[in-house]
Each structure stands twice: as structure tokens, then as C-alpha cells.
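Inspection log for the structure reproduced underneath, given as C-alpha cells.
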Amino acid sequence: MLDRKFAEVYSKFKLHFYQKVFNRFQEREASLTTVETFCMEIIQALGTPTVNEFASFVQISPPNAAYKVNNLIQKGYLKKVRSETDRREYHLVITPKYQDYYSISYSYLSTVMERIRERFSDEDAKKLEEMLTIISEELMPEIPIRFSPPAQNASEQDEQAGQAPAAEKEQA
């Protein structure tokens, strides 16, 4: 029963996202392919990975990853920001253009979280948070992510990544 309910909740989040993505296709707003959408979702979840970290995570060659990343940069959804600790390295940073695109998924998460806060006691919500933390940190070690909620803007995202603001050192 627990397995089925967990899968149901997970599926509802996915289906809501897909529904909104397809809606954007109908409105001719979407410029990401399905694979590019998955790439952006992965990069978003990884935080500010390097191209090699992204390639390693999705288990593709670095040249293949670089090709995908460059397409996303050209479309304006991603940019490279030079690392403060290793000037030879660049981190992938989500742009405001993708933040707008991604918000179709994240806003639904916020809606559901607000409903949880309204429906359940503070104690139950804290217990759910505790359980989700254990699931994420202890029971899913195969997927190490540095997830944080989407930044409001590129400078905020740079700060989350421990970088100076992107405007100072952006490289396309």
C-alpha cells in the first residue's frame, strides 16, 4: 500500500510537469526538446555542476555532454560561470529564462506544500519533513544532489553556488 501511494504522489508531480510542458508546446512557447528538458532538470537538481560532473552523472561522454550544454547555452537556458576556486573550471548556472520555464513545476510543488501546511498539524508536517530528509539523505545514496529551491535570479543562484555574481565573470 505504501509503495503504491508513494508512486501515485511521484507520478502526480511528474504528470503535472508534463502537462504544463505540453501546454507550452501548444502555445508555441517551448523551445526545449524532451532530452533538453531532462538535461535541464538534472542540472537544476545537481546545483551548479561542471560539464564533467553532469556527464558523469548522466553517464555520457564529456564531448556529448558539452554538445548538449552548448545547445542549452545558445538557447539562453544555461550559462557557464568561472569557478572561484579553480579558474580553469566553469560551473553550469541556470538562467532566468529557464527559471521561468521551471516555475511551472516548482509552483505546483509550492501549492502542494501550502496544502500540506493547511491540512496537517505542525507536528505532522515536521514529521513528514524528517522522514523526507531521511529518505533523501540516507535511503537514496545513489543520487547525491545539492538541491536547493530555485534561485529568484542569476545573482542569487551564483551566491548559492559560492560564486561571485555572474555579471562579473560570465562566459558564454
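One residue stands out among those in the stretch 61-107 that are assigned to a helix (DSSP H, G or I) and among the basic types (Lys, Arg): the one that is surrounded by the fewest Cβ atoms within 10 Å (Cβ to Cβ), which is 97. Flag: residue 40 does not match the condition of being free of Cβ contacts under 8 Å to residues at least 12 places away in the same chain, among the aliphatic types (A, V, I, L, M) and within 28 Å of residue 129 (Cβ to Cβ).
Within the bounds of the stretch 117-128, is there any residue that is surrounded by 13 or more Cβ atoms within 10 Å (Cβ to Cβ) and without any contact (Cβ under 8 Å) to a residue 12 or more places away in the chain? Looking for residues that are surrounded by 13 or more Cβ atoms within 10 Å (Cβ to Cβ) and without any contact (Cβ under 8 Å) to a residue 12 or more places away in the chain, one finds at least one in the stretch 117-128, hence yes. As for the stretch 50-57, it holds no residue that is surrounded by fewer than 16 Cβ atoms within 10 Å (Cβ to Cβ) and under 22 Å from residue 32 (Cβ atoms).
Every number here is computed from the coordinates shown, using simple stated rules; none is lab data. Owing to the predicted nature of the structure, the values given are computational and were not obtained by experimental measurement. In this analysis, Cβ positions are derived from the backbone assuming ideal geometry, glycine residues included, and neighbour counts consider all displayed protein chains.
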